[in-house]
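Quick notes on the structure that follows.
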Amino acid sequence: MIAYAPPIDHHEAPADEQQAIYAPLEGPVWAVVAVGVILGLLSANPLLTAASILTLPILVTLLWRRGEIPILLFAVGYQWLQVSAKIFQANLLDVPVSVISLTPTVDLAIWLGLLAVVTLAVGMRLALRTFQWSRSDEATREAWVVPLSKAAVFYIVCALMAVGAKGAAWVVPGVHQIAIALEGFKWIGFYVLAYVALTQRSGYLLLAGATVFEFVQGIGFFSGFKTVVFVLILAFFTASRRIDGRALGFGLAGLAGLLVIGSAWTVVKTDYRAFLNQGSGMQETVVSEEEQLAKLAELVTNLSVNDIGRGFDPLLRRVAYVDFFAASMDYVPTVVAHQEGRVWLEALQNLVPRLLYPDKPVLVSDSEHTMQYTGFYLASDTQGTSISLGYVADSYIDFGPIWMFGPILILGFLWGLMYRYFMSRSGSALLGFAFSLAVLLVAYQYEIAAVKLVAGIVVKFLVLAVILRLFEERIREFLGITDHDLSLAYETDEEDPEPSHA
């Protein structure tokens, strides 16, 4: 009998641990890509479609780390979807993409958007260039020894912390950024529960209950309900450890479910929001939770299949986020000069919490910012609406179509360093996965303004890094994943290297 050994020193990974973390895509995958490219060349937007399809395997090759949580790949993959969605929408209508866009400059905006997403991925990969070992086996072993009951309790504690932080964000002056960072703590607990349940292939009722709870909690003015689906998919692909038929089937089922839910939400959200604010036009909820759920149930149950189908086109238009970028390219520098770094400087200044900088200027509305650099007239905060340009457009506004990629590369490098920090500094691979998820979950938003993106993730990283350092041992002891616990729980023989659940 061979007892399970403690984790290796991750600063000195042996050579055999450094070989298979990145692997080239297999031949059948490239065959599918080739077919997609050929079909794309026959579409109404041949070059854009082919380039978009080719970008996807490049992103996977750069960022797929086998057996680890694909949070970085998810971040760039979703942004790829936001850049490419309008291409596929135009192809379905068999028209050039400019026909369904606000400006003919949209073609160039998509090209730059695809390059921006690849640049972001390259920055992430550069941050991980010497981090060539995997902790996937360690995470699997840990997941096998965590009792589902303790994983559920841990999730409940994290969720309660998030509720308290959300309340503090609006009650205690000066701590809004820190409180919002703590609000994301619930995803650490949810991910641990999901990963443990999916690894052990049990406890699905507990996981379903937590999923439904988070889904309902995410219903409001915005489509926050999709976040729990994203986390669940990430947990599944981490636990499955490979891309096989089962994993692809689950991923496609999750995508199909999101499309149906998103289409339904697109159809009912206007009436639902009007009910939430009772016609005030503001982003506020003045009815009880029971009334919210009852109204939503009423609206959804009255939908027909045709209604849901009718919501698919506006859903694609909402996911696609290149029109405002294209409009800013028409407006800058023709009407307004490039800002020479002012937008990104404001993003860096916003890093300082108001608790330490009481005189920090109040951020201008996203809609006001968008109007300033596109010349459009848009609904703003006074109408209960906020429309952003996105960090890629902000980078263009500052530096133009060439040097705009510099800040994006740095941003990707920073996100990669954050992932690396949690994976290399955490004594538990499972907690490393969970904390990196909680920090980088919002990095998928192509549409988020630079001033909010940088501050939001950096502050969240700092807060959760401190929590990990101070409380990791206690969390590990509660979950039963200390080195001592693992040594007692795992015994294997040479014939059966798989861990047995004690």
Within the set of pairs 6 or more residues apart or between chains, which connect a residue that is at positive phi and at pLDDT below 95 inside the range 193-205 to a residue that is open to solvent by less than 20 Å² (accessible area, probe 1.4 Å) and not in a loop (DSSP other than H, G, I, E, B) with Cβ atoms less than 9 Å apart? G203/A151; G203/A152; G203/L193; G203/V196; G203/A197
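Go over the candidates V172, V118, V145 one by one and state the one that is open to solvent by 40 Å² or more (accessible area, probe 1.4 Å) and either more than 17 Å from L437 (Cβ to Cβ) or at pLDDT 90 or above (or both).
Result of the check over V172, V118, V145: V172.
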Filter pass, F435 being modelled with pLDDT of 95 or more, open to solvent by 20 Å² or more (accessible area, probe 1.4 Å) and not aliphatic (A, V, I, L, M): no
What number goes with the only condition from (1) touching a Ser or Thr at 6+ places or on another chain (Cβ under 6 Å); (2) under 30 Å from R135 (Cβ atoms); (3) modelled with pLDDT of 80 or more; (4) open to solvent by 30 Å² or more (accessible area, probe 1.4 Å) that I69 does not pass? (4)
Only one of (1) surrounded by 19 or more Cβ atoms within 10 Å (Cβ to Cβ); (2) closer than 19 Å to F422 by Cβ; (3) in contact with an Asp or Glu (Cβ under 8 Å, 6 or more places away or on another chain) is not met by V451, so which one is it? (2)
Evaluate the range 459-472: report whether one residue or more is without any contact (Cβ under 8 Å) to a residue 60 or more places away in the chain, within 18 Å of the chain's Cα centre (by Cα) and open to solvent by less than 30 Å² (accessible area, probe 1.4 Å). no
Take the conditions modelled with pLDDT under 90 and surrounded by 12 or more Cβ atoms within 10 Å (Cβ to Cβ) and apply them to P7. Does it pass? yes
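Specify which of the listed residues (A75, A31) is small (G, A, S), open to solvent by less than 60 Å² (accessible area, probe 1.4 Å), under 30 Å from S424 (Cα atoms) and not in a loop (DSSP other than H, G, I, E, B). Write out each step before concluding.
Values: A31 fails: under 30 Å from S424 (Cα atoms).
Only one candidate passes the filter, namely A75.
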Can you say whether A327 is under 30 Å from G77 (Cβ atoms) and hydrophobic (A, V, I, L, M, F, W, C), as far as the supplied structure shows? yes
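Give the residues of the range 384-432 that are at positive phi and crowded, with 24+ Cβ neighbours inside 10 Å, sorted by residue number. Even if it seems obvious, please write down each step before you answer.
Going residue by residue through the range 384-432, those that are at positive phi are 384, 390, 400.
Listed by number, the list holds a single entry, G390.
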Matching entry among L92, L102 (being touching a residue at least 60 places away in the same chain (Cβ under 8 Å), of a type outside the set (F, W, Y), surrounded by fewer than 18 Cβ atoms within 10 Å (Cβ to Cβ) and over 30 Å from R420 (Cβ atoms)): L102
Which pairs turn up if I take residues in the range 315-340 that are under 30 Å from L255 (Cβ atoms) and look for partners that are part of a loop (DSSP other than H, G, I, E, B) and aromatic (F, W, Y) with beta carbon separation below 7 Å, at least 6 apart in sequence or on another chain? Y321/Y446; A327/F376
Take the residues of the range 105-115 that are open to solvent by less than 40 Å² (accessible area, probe 1.4 Å) and part of a helix (DSSP H, G or I): which is farthest from Y444 (Cα to Cα)? V106
Conditions (1) open to solvent by 70 Å² or more (accessible area, probe 1.4 Å); (2) modelled with pLDDT of 85 or more; (3) in contact with a Pro (Cβ under 8 Å, 6 or more places away or on another chain) -> R354 fails only (2)
From the list V300, V343, V335, exactly one residue is surrounded by 15 or more Cβ atoms within 10 Å (Cβ to Cβ) and under 21 Å from L112 (Cβ atoms). Which is it? V343
Can you tell me which residues in the range 211-237 are under 19 Å from the mean Cα position of the chain (by Cα), farther than 20 Å from I69 by Cα and at pLDDT 85 or above? E214, F215
Residues satisfying the stated conditions in the range 78-89, i.e. closer than 20 Å to I448 by Cα and either over 26 Å from the mean Cα position of the chain (by Cα) or open to solvent by less than 20 Å² (accessible area, probe 1.4 Å) (or both): Q79, Q82, V83, S84, A85, K86
Could we say that T285 is of a type in the set (S, T, N, Q), touching a residue at least 12 places away in the same chain (Cβ under 8 Å), in a loop (DSSP other than H, G, I, E, B) and surrounded by fewer than 17 Cβ atoms within 10 Å (Cβ to Cβ) here? yes
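The values are calculated or read from the model by the stated rules, or taken from the named source; none is laboratory data. Given the structure is predicted, the values throughout are model-derived calculations rather than measurements. When we count neighbours, we look across all protein chains shown, and the Cβ atoms used for this are built from the backbone with ideal geometry, even at glycine. Remember, those area values only see protein heavy atoms, side chains included, never the ligands or the DNA or RNA. Shrake-Rupley method; radii C 1.70, N 1.55, O 1.52, S 1.80 Å.
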